[in-house]
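Worksheet for the structure shown next.
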Amino acid sequence: MERIKRLAGLLLLAVSVACGACAEDDEQDEPDGGGTDEDTGGTDDGSVVGEVYTFVITASKDKSTNPPTYNYVYYSLGDEAELDEATAAATPNWDLRFTASTAITTNSGETAVDLSSGGTGGVAFTGNMDFDVSVKVTSLDFTTEGATDIKPWVTGMGGATQVNTNLMCFPGYDNGDGLTEETAYSDANFSGVGYYTREGMPPVYETTGRIYVIRHGDGEGYSKLEIQQVEYETVDQITTYALQCKAQRIG
């Protein structure tokens with residue numbers, strides 16, 4: 001009986017030591033940013049304002065109706081949340097609009113005018129593909145989508161049309177200036193500053209890893225953004241685009 005007690009005591013001691021070692025190992029081995037949130041990157045002085053987080057946006061288009069029905073998704077980077085289209089569209093509270101395509105508009109320019117949102121947002125390509133690099137916001141040249149007096153003209157399969165543009169989804173063009181129908185942009189340069197390349201039909205998208213800074217719709221803050229993945233699907237005339245994004249507030 002005494003021997004059993006001694007064995008039980010030794011076993012209890014061994015378990016206690018093992019548990020303590022496990023806890024210590026967990027503390028040592030846990031990688032930085034081990035979840036969906038992590039502290040990294042920064043702003044003008046290298047300080048971190050917010051945690052890095054990821055989110056997935058799914059926007060769809062119903063092609064069974066005439067014209068097609070678009071289900072846009074409005075997103076606030078400052079609040080890290082999707083906003084209700086009916087109440088958010090005409091306000092400066094949203095920063096990005098996902099349009100059931102690869103087009104992502106900021107709350108600025110022609111989009112802000114069309115929606116009467118009063119948005120003063122914008123977007124800038126940082127020039128790098130490393131999310132952890134600190135960003136000096138004051139050194140960036142922010143483009144407001146549709147920033148000119150007119151929507152630029154772009155040559156497509158059906159001829160020249162006027163479109164909203166955005167640094168994140170406007171591929172850049174080798175010819176034309178986009179100011180008139182006669183001088184419409186042509187010869188798309190998809191190696192410009194876009195966030196994706198595309199091949200085949202149905203399309204397969206490959207993201208470029210480019211890092212952008214979004215000026216919030218209210219003009220009061222900034223967030224870094226990377227589009228990490230784009231998935232396309234069409235089922236029963238419903239086309240869906242799912243985009244995985246990585247973001248961090250930096251001002």
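The values are calculated or read from the model by the stated rules, or taken from the named source; none is laboratory data. Quick caveat, the model's predicted, so the values are computed rather than measured. Here the Cβ is made from the backbone with ideal geometry for all residues, glycine too, and neighbour counts use every protein chain on show.
Only one entry in Ala103, Ala89 is of a type in the set (A, V, I, L, M, F, W, C) and more than 20 Å from Tyr205 (Cβ to Cβ), namely Ala89.
Answer with yes or no whether Asp114 is closer than 28 Å to Thr234 by Cβ and modelled with pLDDT of 70 or more.
yes
The sole residue among Ala100, Ala124 that is aliphatic (A, V, I, L, M), at pLDDT below 90 and assigned to a loop (DSSP other than H, G, I, E, B) is Ala100. Regarding segment 178-191, can at least one residue be identified that is surrounded by 15 or more Cβ atoms within 10 Å (Cβ to Cβ), modelled with pLDDT of 90 or more and in a loop (DSSP other than H, G, I, E, B)? No, segment 178-191 contains no residue that is surrounded by 15 or more Cβ atoms within 10 Å (Cβ to Cβ), modelled with pLDDT of 90 or more and in a loop (DSSP other than H, G, I, E, B). With respect to the stated conditions, Val154 fails to be modelled with pLDDT of 80 or more, within 24 Å of Leu243 (Cβ to Cβ) and either in contact with an Asp or Glu (Cβ under 6 Å, 6 or more places away or on another chain) or surrounded by fewer than 22 Cβ atoms within 10 Å (Cβ to Cβ) (or both). Answer yes or no: is there a residue in segment 200-211 that is β-branched (Val, Ile, Thr), crowded, with 19+ Cβ neighbours inside 10 Å and modelled with pLDDT of 80 or more. Scanning segment 200-211 turns up at least one residue that is β-branched (Val, Ile, Thr), crowded, with 19+ Cβ neighbours inside 10 Å and modelled with pLDDT of 80 or more.
Hey, could you check segment 212-251 for residues that are of a type in the set (S, T, N, Q) and under 20 Å from Ser101 (Cβ atoms) and say which is surrounded by the most Cβ atoms within 10 Å (Cβ to Cβ)? Among those residues, the one meeting the criterion is Thr239. Here segment 105-121 is the region considered, the condition is being touching a strand residue (DSSP E or B) at 6+ places or on another chain (Cβ under 6 Å) and outside any loop (DSSP other than H, G, I, E, B), and the residue that is surrounded by the fewest Cβ atoms within 10 Å (Cβ to Cβ) is Thr111. For segment 31-52, indicate whether the set of residues that are in a strand (DSSP E or B), modelled with pLDDT of 90 or more and surrounded by 15 or more Cβ atoms within 10 Å (Cβ to Cβ) is non-empty. Yes, because at least one residue in segment 31-52 is in a strand (DSSP E or B), modelled with pLDDT of 90 or more and surrounded by 15 or more Cβ atoms within 10 Å (Cβ to Cβ).
Residue-level check: of (1) closer than 17 Å to His216 by Cβ; (2) surrounded by 14 or more Cβ atoms within 10 Å (Cβ to Cβ); (3) touching a residue at least 12 places away in the same chain (Cβ under 8 Å), Asp62 misses just (1).
Within segment 125-138, residues that are within 16 Å of Glu51 (Cα to Cα) have Cβ atoms under 8 Å from residues that are not in a loop (DSSP other than H, G, I, E, B) in these pairs: Phe131/Val52; Phe131/Lys224; Phe131/Glu226; Phe131/Lys246; Phe131/Gln248; Val135/Val213; Val135/Lys224, counting only partners at least 6 apart in sequence or on another chain.
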